[in-house]
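Chemist: Dropping a structure here in structure tokens format, bear with me for questions.
Laboratory data are not the source of any read-out in this text; all were calculated from the coordinates shown. In this text, all values refer to a predicted model and were calculated from it rather than measured experimentally. Here the Cβ positions follow ideal geometry from the backbone for every residue, glycine too, while neighbour counts run over all protein chains shown.
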Amino acid sequence: MRLLIMGPQGVGKGTQAALLSKHFDIPAISTGDIFRYNIKNGTELGKQVQAYTDKGELVPDALTNSIVKDRLAKDDAKNGWILDGYPRNVAQVHALDAMLEELGMPLDSVVALEAERSVLMQRMQKRAEQEGRADDTPEAIEKRLATYEQETAPLLDVYESRGQLVVVNGVGDVDDISARMIQQLN
């Protein structure tokens, strides 16, 4: 199974991607995790990424597309994957379409997790306190949510028109949310 998991920051994409990964025995691939790993380890990629994330900005498409394509071509992704945090805009949708065609990997479904903005703000503020993430300041959170609403939320219409969209309420017990997703995907 090849899935995208989409939704605003703080909706639980990473948590749900990990649960779906275990259920379907496929890797969960988070562009954010790849970026954070490289930042933590002081790699050249990490330095490039940090220059953007510290300002609450998204990493440029060309850099992100290259990282995603490289990751999807790895052996563990041959039988399926869950992409979390990509695509974020129309240009990335087209880039992903081209990648998947080149790799011979059709996309099966797109899961869209939804939650009210107040819930998202509370979750991200709590995450910032627990994990000490420098990119979770109130200003950066607001900027990322606004960017999601302007650039990424409209992509759901693209996937809905293709008959690939599954919308799931991202509020409630983590296992209940996961069960609802799996039921809708089956």
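Chemist: From the square roots a ≥ b ≥ c of the eigenvalues of the alpha-carbon gyration tensor of the stretch 53-153, which class results: rounded (a/c under 1.5), prolate (a/b over b/c), or oblate? Don't skip to the end; give the middle numbers.
Modeler: Working: a/c = 1.97, a/b = 1.95, b/c = 1.01.
Since a/c reaches 1.5 and a/b is larger than b/c, the shape of the stretch 53-153 is classed as prolate.
Chemist: Under the rule of at least 5 residues apart or a separate chain, name every residue whose amide H is placed under 5 Å from the amide H of S30.
Modeler: D84
Chemist: Where Rh denotes the Kirkwood radius from the mean inverse Cα pair distance, what is Rg over Rh for the chain? Let's see the in-between values first.
Modeler: Details: Rg = 15.7 Å, Rh = 16.8 Å.
In the chain, Rg relative to Rh is 0.93.
Chemist: How high is the FRET efficiency between D70 and A18 when r is their beta carbon distance and R₀ equals 22 Å, given to the nearest 0.05? Walk me through the numbers before you get to the answer.
Modeler: Details: r = 21 Å, r/R0 = 0.97.
Result of the calculation: an efficiency of 0.55.
Chemist: Which of the peptides 76-84, 18-26 is most tightly packed, and how do the rest follow, going by the mean number of other Cβ atoms within 10 Å of each residue?
Modeler: Values: 76-84: 18.7, 18-26: 16.0.
Packing order, densest peptide first, comes out as 76-84, 18-26.
Chemist: Packing-wise, with mean Cβ within 10 Å as the measure, how do 58-68, 172-182 rank, highest first? Present the calculation step by step, with values, prior to reporting the outcome.
Modeler: Values: 58-68: 16.9, 172-182: 14.5.
Sorting 58-68, 172-182 by mean packing, highest first, produces 58-68, 172-182.
Chemist: May I ask you to compute the full-extension gain from S118 to T137, defined as 0.36 nm times their residue separation minus their alpha-carbon distance, rounded to one decimal in nm?
Modeler: Residue separation times 0.36 nm, minus the Cα-Cα distance, leaves 5.3 nm.
Chemist: So how many Lys-Lys pairs in the stretch 2-185 land under 19 Å Cα to Cα, not counting same-chain pairs under 8 apart?
Modeler: Going through the stretch 2-185 pair by pair, I get 10.
Chemist: What is the stretch 2-185's relative contact order, in percent, from Cα pairs under 8 angstrom and six or more apart in sequence? Write out the running numbers ahead of the final one.
Modeler: Numbers: 238 pairs, mean separation 62.1, N = 184.
Result for the stretch 2-185 is 34 percent.
Chemist: Could I ask something else about it? With equal scatterers on the alpha carbons only and no solvent term, can you work out the Debye log10 of I(q)/I(0) for the stretch 1-86 at 0.15, 0.23, 0.26 1/Å?
Modeler: -0.57, -1.19, -1.33
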